[in-house]
1. Of all residues in region 54-76, count the ones that are surrounded by 13 or more Cβ atoms within 10 Å (Cβ to Cβ) and either modelled with pLDDT of 85 or more or closer than 20 Å to Leu13 by Cα (or both).
2. Looking at region 104-126, which of its residues are touching a helix residue (DSSP H, G or I) at 6+ places or on another chain (Cβ under 9 Å) and open to solvent by 10 Å² or more (accessible area, probe 1.4 Å)?
3. Working only within region 39-53, note down all residues that are open to solvent by 50 Å² or more (accessible area, probe 1.4 Å) and either assigned to a strand (DSSP E or B) or touching a strand residue (DSSP E or B) at 6+ places or on another chain (Cβ under 8 Å) (or both).
4. Among what's in region 1-19 and is open to solvent by 40 Å² or more (accessible area, probe 1.4 Å), of a type outside the set (Phe, Trp, Tyr) and not in a helix (DSSP H, G or I), pick the residue that is farthest from Gly107 (Cα to Cα).
5. Please go through region 94-103 and give me each residue that is more than 15 Å from Thr180 (Cα to Cα) and open to solvent by less than 40 Å² (accessible area, probe 1.4 Å), ordered by number.
6. For the list (1) at pLDDT 90 or above; (2) farther than 20 Å from Asn109 by Cβ, I need the number of the one condition that Leu48 fails.
7. List the pairs whose first member sits in region 6-24 and is closer than 13 Å to Thr38 by Cβ and β-branched (Val, Ile, Thr), whose second member is open to solvent by 40 Å² or more (accessible area, probe 1.4 Å) and part of a helix (DSSP H, G or I), and whose Cβ atoms are under 7 Å apart, counting only residues at least 6 apart or on separate chains?
8. Name the residues in region 110-122 that are in contact with a Ser or Thr (Cβ under 9 Å, 6 or more places away or on another chain) and over 15 Å from Lys197 (Cβ atoms), would you?
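The values are calculated or read from the model by the stated rules, or taken from the named source; none is laboratory data. If you're wondering where the values come from, they're calculated on a predicted model, not measured in any experiment. Cβ placement follows ideal geometry from the backbone for every residue including glycine, while neighbour counts extend to all protein chains displayed. Ligands, DNA and RNA are stripped out before the accessible areas are found, and what is left, the full protein with its side chains, is counted by its heavy atoms. Shrake-Rupley method; radii C 1.70, N 1.55, O 1.52, S 1.80 Å.
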Amino acid sequence: MYKIDAIGKACPLPVIETKKALKEHEAVETLVDNEIATQNLKKMADQLGYIYQMEPDNDNYRVKISKGNGEAVDTEEIKESPEIVANEDYIVVVDTNIMGRGSDELGKNLLKMFIYSITEQDVLPKQIIFYNGGVSLVTEGSDSLEDLQALADQDVEIYACGACLNFFELTEKVAIGEITNMYRIVEMMRQAPKVMKP
């Protein structure tokens, strides 16, 4: 059984690491330190049609997910994830450098994890558009540059609002993507079947 130590890792990292491991192994044991992670792992196992077991381990939890009881897996009963592909089904728009309201520190971490989680999706967006405070994420020093580069390498188009970059005096610091204008942003959003916003 393949083992993952996800102690101290915030969700969705335990789920992402477990799902990746299940692509190569029949069974995975993931050690986590909070109940929310166990619930998220159970949801993933249920979605995939896999067997889920959880047992307490001192202050932690040992989650075991397997594709079957050591028998051949009936692939017709299991929903396999398709290969990662760029796709025209949706675009993502980001208008701030934080996600949600309350704590700005938490909001920055949530947005970073949101962008990372996009890289782990089975279906990638066609485009990601940054405007207003969101443009800082495509500039030098951004914690999300590595993830955005991974998306760009998978043919996801990255755009940033030129007027917004000028307003924040960030135009010279753009490190990834293409600078665009509001007319083009409206056009892309209008043409997209789905628009997702964190």
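1. Start the filter on region 54-76 by keeping residues that are surrounded by 13 or more Cβ atoms within 10 Å (Cβ to Cβ), which leaves 54, 60-68, 73.
Cutting the leftovers down to either modelled with pLDDT of 85 or more or closer than 20 Å to Leu13 by Cα (or both) gives us 54, 60-67.
Qualifying residue count for the region: 9.
2. Our first condition is that a residue be touching a helix residue (DSSP H, G or I) at 6+ places or on another chain (Cβ under 9 Å); within region 104-126, this holds for 111-113, 115-120, 124-126.
Lys112, Met113, Tyr116, Ser117, Thr119, Glu120, Lys126 - these are the residues of region 104-126 that are touching a helix residue (DSSP H, G or I) at 6+ places or on another chain (Cβ under 9 Å) and open to solvent by 10 Å² or more (accessible area, probe 1.4 Å).
3. Lys42, Asp46, Ile51, Tyr52, Gln53
4. Looking at residues that are open to solvent by 40 Å² or more (accessible area, probe 1.4 Å), of a type outside the set (Phe, Trp, Tyr) and not in a helix (DSSP H, G or I), I get Met1.
5. Looking only at region 94-103, we keep the residues that are more than 15 Å from Thr180 (Cα to Cα), and these are 96-103.
Residue satisfying the conditions is Ile98 alone.
6. Of (1) at pLDDT 90 or above; (2) farther than 20 Å from Asn109 by Cβ, only one is false for Leu48: (1).
7. Val15/Asn40
8. Of everything in region 110-122, those that are in contact with a Ser or Thr (Cβ under 9 Å, 6 or more places away or on another chain) and over 15 Å from Lys197 (Cβ atoms) turn out to be Lys112, Tyr116, Asp122.
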